[in-house]
1. Looking at the structure I just gave you, is M139 within 21 Å of K98 (Cα to Cα) and either touching a residue at least 12 places away in the same chain (Cβ under 8 Å) or out of contact with any Phe, Trp or Tyr (no Cβ under 9 Å at 6 or more places or on another chain) (or both)?
2. Would you check which residues across the stretch 55-83 are more than 15 Å from I8 (Cα to Cα) and more than 17 Å from the chain's Cα centre (by Cα) and list them?
3. Would you mention how many residues in the stretch 4-35 are open to solvent by 10 Å² or more (accessible area, probe 1.4 Å) and under 18 Å from L185 (Cβ atoms)?
4. So for the stretch 162-171 (the condition being polar (S, T, N, Q), modelled with pLDDT of 95 or more and closer than 22 Å to M23 by Cα), does at least one residue qualify?
5. Can you name the condition, by its number, that K56 falls short on among (1) without any contact (Cβ under 8 Å) to a residue 40 or more places away in the chain; (2) part of a loop (DSSP other than H, G, I, E, B); (3) out of contact with any Gly (no Cβ under 8 Å at 6 or more places or on another chain)?
6. Give me the residue from the stretch 99-126 that is among the small types (G, A, S) and within 15 Å of the chain's Cα centre (by Cα) and, out of that set, surrounded by the most Cβ atoms within 10 Å (Cβ to Cβ).
7. Tell me which residues, restricted to the stretch 75-95, are open to solvent by 40 Å² or more (accessible area, probe 1.4 Å), free of Cβ contacts under 8 Å to residues at least 40 places away in the same chain and of a type outside the set (D, E).
8. Quick test of your reading of the structure: L38 fulfils all but one of (1) buried (at least 21 other Cβ atoms within 10 Å of the Cβ); (2) farther than 24 Å from H137 by Cβ. Name the failing condition by number.
Amino acid sequence: MEIQGLKIAFCPRVYRPAEDSFMLLDYASTYFKKGIRLLEPCTGTGLISLVAAGAKCFSVATDVDVKAVLCANRNSRENRLDGYVDFVCCDGLAAMRKNLVSTTLVVFNPPYLPGDEDPRWGGGITGVETSIKILKHCMEVAPCAKIVFVASSVSDIGRLTAFLENNGARYRVTGRRYMGFFEELIVIEAVFTG
């Protein structure tokens, strides 16, 4: 499939870009400028990092699933962007060293459905555990970076915003999209200040 001029292959058992991916891309891509250093946990097919690479940003993209990392890497090579993106198989940002001060942006579309154990969309018991784990990683790995990520109203948004507030983050909702009768997707932008 072609997305923003990129050939993106979908691979079995790898999260396919959907409404949440495109919504996040719309907001995050406003920050993609030459020289930006990006971290992208939960990369899936690599779409976000590949669009950033097209703008000459340097990215390290991670995924807990080796199939996703291989798929994203293949998409990177297919689009001749492999000089701008490194792919790492790890949980969130767990493999990154602390205080990567050159990182200016973290963008992620985490799994956010409550209770589902499939790592492509299950975000933990309340749906925000994966997001909170990655935000904790951000505090250690990229403490001054702008963070842009997706959350869903079907998960425990109150717990998520309480975590941000209790850890000194300034945050705001930068986008909303209603997905039908029961779900609203939101894009949150945050910076840890404390």
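The values are calculated or read from the model by the stated rules, or taken from the named source; none is laboratory data. As the structure is a computational prediction, the values presented were derived from the model and not from experiment. Neighbour counts are summed over all protein chains in view; Cβ atoms, including those assigned to glycine, are modelled from backbone coordinates with ideal geometry. These accessible areas exclude ligands, DNA and RNA; they are computed on the full protein's heavy atoms, side chains included. Shrake-Rupley method; radii C 1.70, N 1.55, O 1.52, S 1.80 Å.
1. When the stated conditions are applied, M139 passes them.
2. Taking the stretch 55-83 as the starting set, the residues that turn out to be more than 15 Å from I8 (Cα to Cα) are 55-66, 83.
Passing the criteria: A55, K56, G83.
3. Summing the residues that are open to solvent by 10 Å² or more (accessible area, probe 1.4 Å) and under 18 Å from L185 (Cβ atoms) in the stretch 4-35 gives 11.
4. Within the stretch 162-171 (the criterion being polar (S, T, N, Q), modelled with pLDDT of 95 or more and closer than 22 Å to M23 by Cα), the answer is no, since none of the residues qualifies.
5. Here K56 meets the rest and fails (3).
6. Looking at the filtered set, the residue picked out is G123.
7. The answer is R77, R80, G83, Y84, V88, C89, A95.
8. It is condition (2) that L38 fails.
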